[in-house]
Amino acid sequence: MGPSNGTGGRTAMRSTKRLKLGLFGANCSSGRAVTLVPERWSGSWPDCLRLARMADEAGIEFMLPIGRWKGYGGDSDYQGETLETVTWACGLLAGTKRLTVFGTVHAPLVAPLIAAKQFVTADHIGEGRFGLNVVCGWNAGEFEMFGATLRDHQSRYEYAQEWLDVIKLAWSPQEEFDFVGRFFALKGARAKPKPYGGTRPIIMNAGASPTGQAFAIRNCDALFSNISHGISFEETTQHVKNVRALAREAGREIDVYTVGVVTCRPTTKDAEDYYHHAIIDNADWRAVDNILAMRDVTPQTHAPEEFQRLRNHQANGMGGLPIVGDPDAVAARMAQLAAAGFAGIAVSFVNYADELPYFCAEVLPRLVRCGLR
Ligand SMILES: Cc1cc2nc3c(=O)[nH]c(=O)nc-3n(C[C@H](O)[C@H](O)[C@H](O)COP(=O)(O)O)c2cc1C
């Protein structure tokens, strides 16, 4: 993330560590694991704060929450309890020293001037450590709860563009501005104070489509990309290169991050056994099937083998890259992702707070030894 983007001087996400690490999804009950095991993540405030402090002490760079409004049902009501992400970030920023904490915000659901001021407030609380994940939404059921319409895909991003343009204007040194666009007409807008320290918060998004990625390239400091099943190392490396090159052509710098789901245990057998226990034997299959059905993945639309593969993939961290093994194997996998050009990884665990200490004690030193931290 180059200072050319106006985020100069910001802390953790700009550290010189080659592979940055974050925790993904801890604001939601069950986090990213669609499982019934009793130790699954609560997502409660005390657990989130305890986790954030642990991560802060260990030098983890960021926490990325999920903007989710409606759970997925099933026997666990998967992600049925979620802490709102900007207020969550405010609390965590107040309770930590170095971490960057993101808010994940659905552009169509919050007026941009209110959002801009919320972000500035969070940023002042964190003394420059707030980050913004802009999402456009995809879940029609959630939008119905707000009485909002989920626009067609292209218009979603056009709307988000104007929304973010207004936010950037509100953060700019201008005393007052007018804005006339397709979606907003604002007159005499004032927004003070400005973000902390004369810079602006890190902005990311996680678009997967060409339109979503072009949005990131135009506007963001970081793009988060899931590695799709069956994509080779070469294709992944090429994806990262392309995104960075397109940004450079536009006079910008962008970092590409990915998402991993870690099961790390003293032996590979222990890790595989736990993975099997939590993610297959005790998956919340009713919730998994609800999630898949929302994307029209059903036994009617997919062949049995492919349907089962997608079910397993979804149960394990909602489709993030499974990283299962002993500390050597986990570190080696992460080193491979760094070699593909990723600037960092947002990881999840079945129980973040129980599993993070072992990960930090065993995997982080291995990453230090290979020059990645
Ligand atoms: C790391 C990551 C985080 C995401 N967080 C959210 C989220 O919190 N809420 C949400 O509705 N969508 C979220 N998404 C979905 C993306 O914003 C995006 O809609 C999706 O990747 C599809 O891309 P597209 O919009 O370009 O089609 C996330 C995706 C990824 C990979």
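The values are calculated or read from the model by the stated rules, or taken from the named source; none is laboratory data. Nothing here was measured: the structure is a model prediction, and the numbers come from that model. In this analysis, Cβ positions are derived from the backbone assuming ideal geometry, glycine residues included, and neighbour counts consider all displayed protein chains.
Brief remarks on what is shown
- Residues of region 324-357 classified as under 19 Å from A271 (Cα atoms), of a type in the set (G, A, S) and within 16 Å of the ligand (Cβ to nearest atom), total: 1
- In a residue-by-residue description of region 236-245, the property of being outside any helix (DSSP H, G or I), under 20 Å from G207 (Cα atoms) and not polar (S, T, N, Q) applies to no position.
- Region 354-373, residues that are more than 18 Å from S15 (Cα to Cα) and either aromatic (F, W, Y) or surrounded by fewer than 19 Cβ atoms within 10 Å (Cβ to Cβ) (or both): D354, P357, Y358, F359, A361, E362, R366
- Subset of region 148-194 [among the β-branched types (V, I, T) and over 22 Å from the mean Cα position of the chain (by Cα)]: T149, V166, V180
- A346 in a helix (DSSP H, G or I) and either hydrophobic (A, V, I, L, M, F, W, C) or over 14 Å from V34 (Cβ atoms) (or both): no
- Residue list for region 173-199, restricted to those being buried (at least 17 other Cβ atoms within 10 Å of the Cβ) and at pLDDT below 95: T199
- Qualifying residue in region 302-316 (condition: surrounded by 15 or more Cβ atoms within 10 Å (Cβ to Cβ), assigned to a strand (DSSP E or B) and either on the phi > 0 side of the Ramachandran plot or of a type outside the set (F, W, Y) (or both)): no
- Condition met for D289 (over 30 Å from T7 (Cβ atoms), acidic (D, E) and in a loop (DSSP other than H, G, I, E, B)): no
- Near pairs, Cβ below 6 angstrom, 6+ apart or cross-chain, from region 362-373 (in contact (Cβ under 8 Å) with a residue 60 or more places away in the chain and among the aliphatic types (A, V, I, L, M)) to any residue that is surrounded by fewer than 17 Cβ atoms within 10 Å (Cβ to Cβ) and not in a helix (DSSP H, G or I): L372/R18
- Only one entry in A208, A160, A222, A170 is within 24 Å of V259 (Cα to Cα), surrounded by 21 or more Cβ atoms within 10 Å (Cβ to Cβ) and out of contact with any Asp or Glu (no Cβ under 8 Å at 6 or more places or on another chain), namely A160.
- Qualifying residue in region 254-267 (condition: basic (K, R) and surrounded by fewer than 19 Cβ atoms within 10 Å (Cβ to Cβ)): no
- Qualifying position, being acidic (D, E), in contact (Cβ under 8 Å) with a residue 24 or more places away in the chain, in contact with a strand residue (DSSP E or B) (Cβ under 8 Å, 6 or more places away or on another chain) and not in a strand (DSSP E or B), among E272, E253: E272
- Verdict on G137 being under 18 Å from C28 (Cα atoms) and surrounded by fewer than 21 Cβ atoms within 10 Å (Cβ to Cβ): yes
- Pick from region 208-241, criterion of a type in the set (S, T, N, Q), under 26 Å from E306 (Cβ atoms) and touching a strand residue (DSSP E or B) at 6+ places or on another chain (Cβ under 7 Å), ranking: nearest to the ligand (Cβ to nearest atom): N226
- Some residue of region 16-33 being of a type outside the set (D, E, K, R), at pLDDT 95 or above, surrounded by fewer than 17 Cβ atoms within 10 Å (Cβ to Cβ) and over 23 Å from A278 (Cβ atoms): no
- Considering residues of region 34-46 that are under 20 Å from G317 (Cα atoms) and more than 19 Å from the chain's Cα centre (by Cα) only, the residue surrounded by the most Cβ atoms within 10 Å (Cβ to Cβ): T35
- Test for M204: is it over 26 Å from A247 (Cβ atoms) and touching a residue at least 60 places away in the same chain (Cβ under 8 Å): no
- Whichever residue in region 97-118 is touching a strand residue (DSSP E or B) at 6+ places or on another chain (Cβ under 9 Å) and under 24 Å from E57 (Cα atoms) and, among such residues, is surrounded by the fewest Cβ atoms within 10 Å (Cβ to Cβ): T104
- The single residue among A315, A338, A329, A346 that is closer than 17 Å to A208 by Cβ and either in contact (Cβ under 8 Å) with a residue 60 or more places away in the chain or among the polar types (S, T, N, Q) (or both) turns out to be A346.
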